[in-house]
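Each remark here refers to the structure printed beneath this line.
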Amino acid sequence: CGVFGVVGVTDASNFVALGLHALQHRGQEAGGIVTHAPETGFNQQRRMGLVRDNFTSSSMMETLPGTIGIGHVRYSTAGSKGQTAMRDVQPFFGEFSMGGAAIAHNGNITNALSLRRELIERGSIFQSSSDSECIIHLMARSMGRTIPDRMEEALRKVEGAFSIVAMTRTKLIGCRDPLGVRPLVLGKIGDGWALASETCALDIIGAEFVREIKPGEMVVITEKGVSSHYPFRPARSRFCIFEHVYFSRPDSIQGGRSVYETRENIGRELAKEAPVEADLVCPVPDSGTPAAIGYSLQSGIPYAMGIIRNQYMGRTFIEPTESIRNMGVRLKLNVNRALIKGKRVILVDDSVVRGTTSRKIKEMILDAGAAEVHFRIASPPTAWPCFYGVDTPQREKLLAATMSEEEMRAHLGVDSLKFISLDGLYRAVGEAEGRDPKAPAYCDACFSGEYPVAPSDMIEQGFEA
Ligand code: SF4
Ligand code: MG
């Protein structure tokens, strides 16, 4: 998911809509905006679908007046299975004795089920199936005197990954979990301030990137300035390494690093680790593009657009059912036949999850008359599900959970298949020594199976890490 907030600007809702539009790659199922104006109180709109289809008309934006606002773009993850229902669309809103508050959450709460059970036993009435709603109920039960105090208390009971943007009538609040698994950045715009999942959302509104919110930090922002709090026990940060591989936009800066440059580095590492003789390096667009450029630069094999993407389709993995997902690849990608015929082609993609995309693409490339197809993947085999806010399927559906690399190669029917090593990936994100097995600098659980926060709800349901 993507979160965005702004305070101290006229027509906050327009800024929020633009910010969410820049974060649309983080979630396309639904979106919502909450603002506050003294004359109207809190204003709230939630819709299924894309930001540009819902939050552009003047009739819509007029319903969202105010100089403070937050928003959320959603896709459903491990915690809340299946298609988004209207009642699960964020931001969530609660009325407390000291006033209202809205909250938007990116990540996944790993003890949400046990929290929910406890809260329901003690009288909370849940409106949604979302893990994020726990936070509002925990805040309602808190005896804290201010909303930020209540939020601190609530978040100390929550486990897992959370980057949160929240608001009261006058305050914009941001918080990252102690490990900083999901991103959150601070920007300055005129006399106002912005919070966003990624810097690309600051760029779109012309805000200056100030800094990242630190892991475990809570910021409370008013028109007067930013105050920092550290509600949690300090911990070593474990930013999601998959943000660098796939999830973040390449024009964003994460962890002080250009995501694009990191991806190009991954491609270079791949070329060093897994060279092969071929005529062309082609990306599986768009997610494989920077890594393919890196592979080409390192190997000296020409880069070419062997697959052309229809720009008007969403990301395939967002589609909820297997049959639509199968069709999706063809609707979205087509082979550049004239270029491919008779060539030995290296295809670079960011990840193999179910293997659906790679299989279809291999068929299309061979149909077009390619002489050889070599897959190079810019992440290690995805063998474990993510419980921290990225939508990987159950373990059984992950190709790498049940097959060896050679079995995957045979299953995909390609001439060769290589994944970057975990050490190679760490080198590409700037860890010269590779992955420190005693204290890894990132979360890499979907590749290593080492979960930095025990996924306690899942363990309760029989998951074995
Ligand atoms: Fe990111 Fe993978 Fe960790 Fe999930 S499990 S937070 S996708 S690195
Ligand atoms: Mg892709």
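Given the condition in a loop (DSSP other than H, G, I, E, B), within 19 Å of the chain's Cα centre (by Cα) and surrounded by 23 or more Cβ atoms within 10 Å (Cβ to Cβ), answer yes or no: does some residue in the stretch 232-241 qualify? Let's see the steps before the verdict.
Restricting attention to the stretch 232-241, the residues satisfying the condition of being in a loop (DSSP other than H, G, I, E, B) are 232-238.
Still in the running and within 19 Å of the chain's Cα centre (by Cα): 237-238.
Remaining after also requiring surrounded by 23 or more Cβ atoms within 10 Å (Cβ to Cβ): 238.
For the stretch 232-241, residues in a loop (DSSP other than H, G, I, E, B), within 19 Å of the chain's Cα centre (by Cα) and surrounded by 23 or more Cβ atoms within 10 Å (Cβ to Cβ): present.
Quick one: would you say residue 319 is of a type in the set (D, E, K, R) and modelled with pLDDT of 95 or more? Reasoning before the result, please.
Numbers: of a type in the set (D, E, K, R): yes; modelled with pLDDT of 95 or more: no.
Here the answer is no, as residue 319 does not meet what is asked.
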Seminar exercise, completed: Pairing a residue in the stretch 436-465 that is within 12 Å of residue 238 (Cβ to Cβ) with any residue that is more than 10 Å from ligand 1 (Cβ to nearest atom) and assigned to a loop (DSSP other than H, G, I, E, B), where Cβ atoms lie under 6 Å and the two sit 6 or more apart in sequence or on different chains, gives 441/431; 451/465; 453/110; 453/159
Exercise. Just wondering, is there one or more residues in the stretch 357-374 that are in contact with a Pro (Cβ under 6 Å, 6 or more places away or on another chain) and either part of a helix (DSSP H, G or I) or at pLDDT 95 or above (or both)?
Worked result: no
Exercise. Any chance the stretch 274-282 includes a residue that's under 26 Å from residue 442 (Cα atoms) and modelled with pLDDT of 95 or more?
Worked result: yes
Exercise. Mind checking whether some residue in the stretch 438-449 is modelled with pLDDT of 95 or more, more than 12 Å from ligand 1 (Cβ to nearest atom) and over 19 Å from the mean Cα position of the chain (by Cα)?
Worked result: yes
Problem set entry | Evaluation of residue 382 against (1) buried (at least 21 other Cβ atoms within 10 Å of the Cβ); (2) of a type outside the set (D, E, K, R); (3) more than 16 Å from ligand 2 (Cβ to nearest atom); (4) not in a strand (DSSP E or B) (one fails), failing number | (3)
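Considering only the stretch 117-194, give the strands (runs of 3 or more DSSP E) lying wholly within it that have at least 2 residues that are outside the structural domain of residue 222 (by TED's automatic domain parsing).
Details: elements: 160-167, 172-176, 185-189.
Once the strands (runs of 3 or more DSSP E) in the stretch 117-194 are filtered for at least 2 residues that are outside the structural domain of residue 222 (by TED's automatic domain parsing), nothing remains.
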Problem set entry | the stretch 248-270, residues that are within 21 Å of residue 381 (Cα to Cα), touching a residue at least 60 places away in the same chain (Cβ under 8 Å) and either more than 16 Å from ligand 1 (Cβ to nearest atom) or in a loop (DSSP other than H, G, I, E, B) (or both) | 248, 265, 267, 268, 269, 270
Exercise. Any residue in the stretch 348-355 that is modelled with pLDDT of 95 or more, among the acidic types (Asp, Glu) and either within 16 Å of ligand 2 (Cβ to nearest atom) or in a helix (DSSP H, G or I) (or both)?
Worked result: yes
Problem set entry | Every residue from the stretch 249-281 that is among the acidic types (Asp, Glu) and more than 15 Å from residue 200 (Cβ to Cβ) | 264, 269, 273, 277, 279
Exercise. Is there any pair with a first residue in the stretch 273-296 that is under 11 Å from residue 375 (Cα atoms) and away from ligand 2 (no atom under 15 Å from the Cβ) and a second that is in a loop (DSSP other than H, G, I, E, B) and among the aliphatic types (A, V, I, L, M) whose Cβ atoms are under 9 Å apart and which are 6 or more apart or on different chains, and what are they?
Worked result: 274/420; 276/301; 281/301; 281/304
Problem set entry | Condition check for residue 391: within 16 Å of ligand 2 (Cβ to nearest atom) and within 30 Å of residue 164 (Cα to Cα) | yes
Exercise. Which of the residues that make up the stretch 31-73 are modelled with pLDDT of 95 or more and under 18 Å from the mean Cα position of the chain (by Cα)?
Worked result: 31, 32, 51, 70, 71, 72, 73
Exercise. Is it the case that some residue within the stretch 202-220 is outside the structural domain of residue 385 (by TED's automatic domain parsing), within 16 Å of ligand 1 (Cβ to nearest atom), aromatic (Phe, Trp, Tyr) and not in a loop (DSSP other than H, G, I, E, B)?
Worked result: no
For this session: For the stretch 421-434, enumerate the residues that are away from ligand 1 (no atom under 12 Å from the Cβ) and part of a loop (DSSP other than H, G, I, E, B).
Result: 421, 430, 431, 432, 433, 434
For this session: Give 56, 35 a once-over and let me know the one that is touching a helix residue (DSSP H, G or I) at 6+ places or on another chain (Cβ under 8 Å) and surrounded by fewer than 24 Cβ atoms within 10 Å (Cβ to Cβ).
Result: 56
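Residues checked against (1) within 14 Å of ligand 1 (Cβ to nearest atom); (2) hydrophobic (A, V, I, L, M, F, W, C); (3) out of contact with any Cys (no Cβ under 8 Å at 6 or more places or on another chain):
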{"site": "384", "(1), (2), (3)": "yes, yes, no"}
{"site": "396", "(1), (2), (3)": "no, no, yes"}
{"site": "401", "(1), (2), (3)": "yes, yes, yes"}
{"site": "406", "(1), (2), (3)": "no, no, yes"}
{"site": "413", "(1), (2), (3)": "no, no, yes"}
Exercise. Which pairs have Cβ atoms under 7 Å, sit 6 or more apart or on different chains, and link a residue in the stretch 91-102 that is under 15 Å from residue 4 (Cα atoms) to one that is acidic (Asp, Glu)?
Worked result: 92/133
For this session: From (1) away from ligand 1 (no atom under 16 Å from the Cβ); (2) acidic (Asp, Glu); (3) in a loop (DSSP other than H, G, I, E, B), pick out the condition that doesn't hold for residue 198.
Result: (1)
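So which of 226, 245, 281 ends up being more than 16 Å from ligand 1 (Cβ to nearest atom) and either closer than 20 Å to residue 381 by Cα or in the same structural domain as residue 417 (by TED's automatic domain parsing) (or both)?
281
Assess whether residue 232 counts as being more than 16 Å from ligand 2 (Cβ to nearest atom), touching a residue at least 40 places away in the same chain (Cβ under 8 Å), out of contact with any Ser or Thr (no Cβ under 7 Å at 6 or more places or on another chain) and more than 19 Å from residue 434 (Cα to Cα). Steps first, answer last, please.
Numbers: more than 16 Å from ligand 2 (Cβ to nearest atom): yes; touching a residue at least 40 places away in the same chain (Cβ under 8 Å): yes; out of contact with any Ser or Thr (no Cβ under 7 Å at 6 or more places or on another chain): yes; more than 19 Å from residue 434 (Cα to Cα): yes.
The answer is yes for residue 232.
Checking the condition touching a His at 6+ places or on another chain (Cβ under 8 Å) and closer than 19 Å to residue 423 by Cα, which residue from 245, 259 passes? Even if it seems obvious, please write down each step before you answer.
Numbers: 245 fails: touching a His at 6+ places or on another chain (Cβ under 8 Å).
It is 259.
The values are calculated or read from the model by the stated rules, or taken from the named source; none is laboratory data. This one's a predicted model, so the numbers in the text were calculated from it and none came from an experiment. With ideal geometry, Cβ positions are generated from the backbone for all residues, glycine too; neighbour counts draw on all protein chains shown.
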